[in-house]
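K.L.:
Next up is a structure, given as structure tokens.
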Amino acid sequence: MLLLAALTLGMGLSLAISRIFLAGVFHLMAHRSLPFVFYWRRVIFATALFWMWYLTPAIAQSLAASRVMRLLIR
């Protein structure tokens, strides 16, 4: 039951995000501006934090990623 609730919540959240993204893209195509104020610096900062704290350790633990990095260094 808990798994079903988590799956339903995840699907609903992904649909909401995709709908907002598509609405923003269509509005941008039609009016050449976004319908809301978009703060690029905050988005870049949040992306950098996500990369540093979540993705970097995951990539470092990956054997395939470390082999690719060794291949690129040599």
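K.L.:
When each pair of different Cα atoms in the chain is counted once in the 1/r mean, what is the Kirkwood radius in angstroms, to one decimal?
P.N.:
One decimal place: 16.2 Å for the Kirkwood radius.
K.L.:
With every protein chain kept in the model, how would you rank Leu2, Leu7 by accessible area, 1.4 Å probe, largest at the top?
P.N.:
Leu2, Leu7
K.L.:
Computing the accessible area with a 1.4 Å probe over protein heavy atoms, can you report the carbon and sulfur percentage for the chain?
P.N.:
For the chain, the apolar C and S fraction of the accessible surface comes to 75 percent.
The values are calculated or read from the model by the stated rules, or taken from the named source; none is laboratory data. All of these numbers come straight from a predicted model, not from anything done at the bench. Only protein heavy atoms, including side chains, enter the accessible area calculation; ligands, DNA and RNA are left aside. Shrake-Rupley method; radii C 1.70, N 1.55, O 1.52, S 1.80 Å.
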